[in-house]
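Worksheet: the structure to be examined is printed underneath.
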Amino acid sequence: MARIETPKRIRGTQDIFGEDQRRFARVLAAFEAVRRLYCFQRVDIPVFESTAVFARSLGETTDVVSKEMYTFEDRGGDSITLRPEFTAGIARAYLTEGWQQYAPLKLATHGPVFRYERPQKGRFRQFHQIDAEVIGAPEPAADVELLVLADQLLHELGIADGVTLQLNTLGDAETRDAWRAALVAHFEAHRADLSDDSVARLDKNPLRILDSKDPRDRPIADSAPDIDAYLTPDARAFFGAVTAGLDAAGVAWTRNARLVRGLDYYRHTAFEFVTDRLGAQGTVLAGGRYDGLIESLGGPATAGVGWAAGVERLAMLLEEPVRSRPDVVVIPDQPEFEAQALRVLRQIRSAGLSADMAFRGNAKRRTEIAKKVDARSMVFVRADGSASIRVLTENLLRPNEVDEHEQIADRIREILGMDPLN
């Protein structure tokens, strides 16, 4: 009989287990806790959308749309794309589901996203993001709210040290148009010295040249005019309100005048939280204000600001999370007492205690398993339903405590010093 070949994991994907899963779960738990503190509603949107949602919102000339999206034609002939990010799908839902009536909306979500990139440390083709958005609030206070939320999340995770908030303004539409014209004139004067990619961007997306990593482009980009000379009074006041709000909230920031977003619908605040602890993948959280996005999807002019962060990158910065210990392991004194043990096991779990029971083995073997998983206590069940509670401290069994099984959960809580179940 021919040997069946085991399928391999697809390149750029990951199976998350053990310590990696504990890190992953720690990020999501902290995000859920903080978003509730800030009264952000949880939202879940489809994993795939009509390709037009991303082509319009991200721009046909961006690398994400032109090179990285997972796009396919479904059986009905429609062009479908696996989401490469969350913001466009949330903006689409805001329009199609009639959420305008609830504006301003503070929304948060997390889940898998997909980009066909070269896999490397901290970068996958299916990866995971957490995402927070405020839609329908043109005030700079919305930008401050999101940045303070992000800062608190990093502190909650214990990774704020060594992470710097870099901040810039892209101005209003008038500012951006004037700055864009100045940049085009500057880059045109140096067209012959630009890389091929930057020459291609010059006509469609000149701001992206400022981000170029090509050594040929860096001297030209570094000598390009700053946006500050073109800021309107309103744009300058908006940025001043954001920085004042951050100062008042105690969030440290630094100005990065070269931090840009290439698409025309971005306005005012752009920001990144960066670190040198992840090598080349130094950005751990990034976002900005996108007041023109919903308009690009066919809706009315609507303010919006948001950020996203890679769960994997945040998880890489964490200290190793402590592995959870079962509160109880239930052990039948004799194999024939398993039915009684199952009743006790269910009662303990129903009382809110984490409990486990080995699937096989005598009492001695199951006791060894309980020690191996570092259970806080063990309950030995007898034929008459009574139980002996033994507390495990540094792998040593403290003296027995005996109770009828009706009171077993309360007694375990008392012995372990846990609060009574309300």
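The numbered conditions (1) surrounded by 17 or more Cβ atoms within 10 Å (Cβ to Cβ); (2) part of a helix (DSSP H, G or I); (3) assigned by TED's automatic domain parsing to the domain that holds V311 are all true for A141 except (1).
Taken over segment 156-170, residues that are more than 22 Å from the chain's Cα centre (by Cα) and modelled with pLDDT of 95 or more amount to 2. Taking segment 242-263 as the range and being out of contact with any Ser or Thr (no Cβ under 8 Å at 6 or more places or on another chain) and surrounded by fewer than 17 Cβ atoms within 10 Å (Cβ to Cβ) as the test, the residues that pass are A244, D247, A248, A249, G250, R255, N256, A257, R258.
Taking segment 323-358 as the range and being more than 30 Å from R23 (Cα to Cα) and touching a residue at least 24 places away in the same chain (Cβ under 8 Å) as the test, the residues that pass are I331, P332, D333, Q334, P335, E336, F337, Q340, A341, R343, V344, Q347.
Pairing each residue of segment 175-195 that is part of a helix (DSSP H, G or I) with any residue that is surrounded by 12 or more Cβ atoms within 10 Å (Cβ to Cβ) and among the β-branched types (V, I, T), provided the two are 6+ apart or on different chains, yields C-beta distances under 7 Å for T175/I227; T175/T232; W179/I227; F187/I209; F187/I220; R191/V199; D193/I220. Entry remark, segment 90-123: residues being of a type outside the set (K, R) and closer than 27 Å to L314 by Cβ number 19 in total. Considering L202, L207, which residue is touching a helix residue (DSSP H, G or I) at 6+ places or on another chain (Cβ under 8 Å), closer than 18 Å to A270 by Cα and outside any loop (DSSP other than H, G, I, E, B)? So the residue among L202, L207 that is touching a helix residue (DSSP H, G or I) at 6+ places or on another chain (Cβ under 8 Å), closer than 18 Å to A270 by Cα and outside any loop (DSSP other than H, G, I, E, B) is L207.
Of all residues in segment 377-409 being surrounded by fewer than 14 Cβ atoms within 10 Å (Cβ to Cβ) and either at pLDDT 80 or above or of a type in the set (D, E, K, R) (or both), which is farthest from the chain's Cα centre (by Cα)? Among those residues, the one meeting the criterion is D384.
The values are calculated or read from the model by the stated rules, or taken from the named source; none is laboratory data. Since this is a predicted model, take the numbers as computed values, not measurements. Cβ sites come from the backbone with ideal geometry, for glycine too, and all protein chains shown count toward neighbours.
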